[in-house]
Amino acid sequence: MIAHDIHPVSKPRLGLEYAGGKPAHMIRKLLQKIPYPFGRPAHRRTTPAVIPASQHSLSRERLSRNAVSVVDRLQQAGYEAFAVGGCVRDLLLDITPKDFDIATSATPEQVRATFRNARLIGRRFKLVHVHFGREIIEVATFRASHGEETEDGEVQSDEHSRQSESGRLLRDNVYGTLEQDAQRRDFTINSLYYDVRSGHIHDFANGLHDIRNRQIRLIGNPAQRYLEDPVRMLRAVRFAAKLGFEIEPHSAAPLPEMAELLHDIPSARLFDETLKLLMSGQGERTFDLLHHHDLFAPLFPDTDEAIEADPDYTLMLVRQALRNTDERINEGRPVTPAFLFAAMLWPALPQRVKELEGRGIPSIPAHQQAAQELLSEQCRHTAIPKRFSIPLREIWDLQPRLERRTGRRADQMLEHPRFRAAYDFLLLREAAGEQTDGLGSWWTRYQDASDDQRRAMIRDLGDGAAGPKRNRNRRKRKPRAQAD
């Protein structure tokens, strides 16, 4: 874990012009800059190491009953089928899998024909979901790398696979063999295939070795694999944080140079990936890894600038917000992305407000305009849906209103549906070192006070908490017409 007391230094960047898309020759030049050892592929096997049931801790009883049923039925229909990926990895680490994935030689259409409760999904990567009540078993057909021959000796056409000029995979439906499927998976620890009948694990990429050594390693040339799908860089960090593993040096080395490739990923997909990164119960460690490998700036560019401008305050607020979120998740309590995103972006807000106030805009309108501009720019990188951005804005907008407590304002604030979130956010700001003249403590006491005590607290405030006075030009009433 990165030490919290190490302040970041300014880092060179490749330039944000990539947000519009770099030409293919620039991508090739980028790859040429990466030293050879960093592109050294993980050891590949043409035939798998077969680990018998007596040499590992897996058993079919530890898998979902429905997952075992899917594998059995596919094998009975004459297809190859294995439990694969995260569920095998997690069970070997004595972690309860979140879901169970199956890899098979059957095409998606053949899988759908085998199960009446199956649905075909996806265009970029065709899959089948087999439904068992609330549980969904995901079934994927063996894939091959692009340009490889199929079992019939043919190279599949562009309708099955497509890449952008920069090399990013846009469609990936090139079907292949078990061996080809193993080599095109991203990480060695996700390339383990468990046969529920024999109990054997098929290991094509020394994944079991990396699990035992607690390492995240790319299969193949790391730079090329990141180029195919830059989100793999985020997945490497997510798995390292989730499992407590280290990213193997050759797989980690290209990350700072290739981080800008994330600007080519749709903002909606990056929002989903960001939720997985920061709301999985290991958000603080994930943030440290993202920041260490220069992967945080493409996700939160304004916050990254705030870290460089004021590292003590910004890092303290962001880490405390993530620490609080991790605790709630690990205790089974509800969390909302709105609050977390509000905290992640808040350090970038004050400077914008100050600039607008310097142009003569009053404080509260300046705060609202700055918040809208910041949120709009953030959505270009991670597209925050309105169901989260609206409460996020309400949490922000209530911060200056918490200072206005005279008259009935304090009681009206308590009745606001976002008061609790705004109050928690105020305490978070104070914990990060913001000076609020005891505002958080005042609201803590006010919530528990009796009616008489509340009136006394309001009187003690005097005029200082009334906020700026409005200059209202009262309309003069017309004099009544005198009766004749």
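The values are calculated or read from the model by the stated rules, or taken from the named source; none is laboratory data. Note that this is a predicted model, so its numbers are computed, not measured. FYI the Cβ positions are ideal-geometry reconstructions off the backbone, even for glycines, and counts take in every protein chain you see.
Do we find a residue being more than 27 Å from residue 253 (Cα to Cα), surrounded by 22 or more Cβ atoms within 10 Å (Cβ to Cβ), over 14 Å from the mean Cα position of the chain (by Cα) and among the small types (Gly, Ala, Ser) anywhere in the stretch 301-312? No, because not a single residue in the stretch 301-312 is more than 27 Å from residue 253 (Cα to Cα), surrounded by 22 or more Cβ atoms within 10 Å (Cβ to Cβ), over 14 Å from the mean Cα position of the chain (by Cα) and among the small types (Gly, Ala, Ser). Look at the stretch 242-261: where a residue is closer than 16 Å to residue 291 by Cα and a partner is assigned to a strand (DSSP E or B), sitting 6+ places away or on another chain with Cβ atoms under 9 Å, you get 246/215; 246/216; 247/215; 247/216; 252/216; 252/246; 255/247. Which of the residues belonging to the stretch 235-258 are buried (at least 22 other Cβ atoms within 10 Å of the Cβ), under 15 Å from residue 298 (Cβ atoms) and within 15 Å of the chain's Cα centre (by Cα)? Listed by number, the residues that qualify are 236, 237. Screening the stretch 200-234 for residues that are touching a Phe, Trp or Tyr at 6+ places or on another chain (Cβ under 7 Å) and of a type outside the set (A, V, I, L, M, F, W, C) and picking the one that is nearest to residue 297 (Cα to Cα) gives 232. Among the residues making up the stretch 92-115, those that are within 29 Å of residue 57 (Cβ to Cβ) and of a type in the set (S, T, N, Q) are 96, 104, 105.
The residues listed here are 134, 124, 73, 143; of these, the one that is over 20 Å from residue 185 (Cα atoms), of a type outside the set (Val, Ile, Thr) and at pLDDT below 95 is 134. Checked against the criterion of being at pLDDT 90 or above and either within 22 Å of residue 136 (Cα to Cα) or out of contact with any helix residue (DSSP H, G or I) (no Cβ under 7 Å at 6 or more places or on another chain) (or both), the candidates 62, 45 yield just one match: 62.
One line per residue, one yes/no per condition, for (1) more than 19 Å from residue 424 (Cα to Cα); (2) not β-branched (Val, Ile, Thr):
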position: 303; (1), (2): yes, no
position: 309; (1), (2): yes, yes
position: 315; (1), (2): no, yes
position: 320; (1), (2): no, yes
position: 346; (1), (2): no, yes
position: 362; (1), (2): yes, yes
position: 365; (1), (2): yes, yes
position: 376; (1), (2): yes, yes
position: 390; (1), (2): no, no
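Residues of the stretch 116-142 that are over 24 Å from residue 58 (Cβ atoms) and assigned to a loop (DSSP other than H, G, I, E, B): 116, 117, 122, 123, 124, 125, 126, 133, 134. The residue that is surrounded by the most Cβ atoms within 10 Å (Cβ to Cβ), counting only those in the stretch 423-451 that are acidic (Asp, Glu) and under 30 Å from residue 312 (Cβ atoms), is 434. Checked against (1) modelled with pLDDT of 95 or more; (2) touching a Phe, Trp or Tyr at 6+ places or on another chain (Cβ under 9 Å); (3) surrounded by 15 or more Cβ atoms within 10 Å (Cβ to Cβ), residue 385 meets all criteria but (3).
Return the only residue of 389, 441 being under 26 Å from residue 307 (Cα atoms) and among the hydroxyl-bearing types (Ser, Thr, Tyr).
389
Remark: pairs (first residue in the stretch 165-190, buried (at least 20 other Cβ atoms within 10 Å of the Cβ) and modelled with pLDDT of 90 or more; second residue part of a helix (DSSP H, G or I) and among the basic types (Lys, Arg); Cβ separation under 7 Å; 6+ apart in sequence or on different chains) = 186/225; 186/232; 186/235; 189/89; 190/89.
Screening residue 103 on (1) outside any loop (DSSP other than H, G, I, E, B); (2) without any contact (Cβ under 8 Å) to a residue 40 or more places away in the chain shows it passes everything except condition (2). A search for C-beta distances below 8 Å between a residue of the stretch 388-415 that is more than 30 Å from residue 272 (Cβ to Cβ) and any residue that is aromatic (Phe, Trp, Tyr) and in a loop (DSSP other than H, G, I, E, B), counting only pairs 6+ apart in sequence or on different chains, returns nothing. Taking the stretch 398-422 as the range and being in a helix (DSSP H, G or I), surrounded by fewer than 16 Cβ atoms within 10 Å (Cβ to Cβ) and not charged (D, E, K, R) as the test, the residues that pass are 400, 412, 414. Looking only at the stretch 221-241, how many residues end up being without any contact (Cβ under 8 Å) to a residue 60 or more places away in the chain and of a type in the set (A, V, I, L, M)? Going through the stretch 221-241 one residue at a time, the tally reaches 5. Restricting the stretch 274-284 to residues that are of a type outside the set (A, V, I, L, M, F, W, C) and either surrounded by fewer than 19 Cβ atoms within 10 Å (Cβ to Cβ) or in contact with a strand residue (DSSP E or B) (Cβ under 8 Å, 6 or more places away or on another chain) (or both), the residue that is modelled with the lowest pLDDT is 280. None of 317, 345, 398, 322 is of a type outside the set (Lys, Arg) and in contact with a Phe, Trp or Tyr (Cβ under 6 Å, 6 or more places away or on another chain) except 322.
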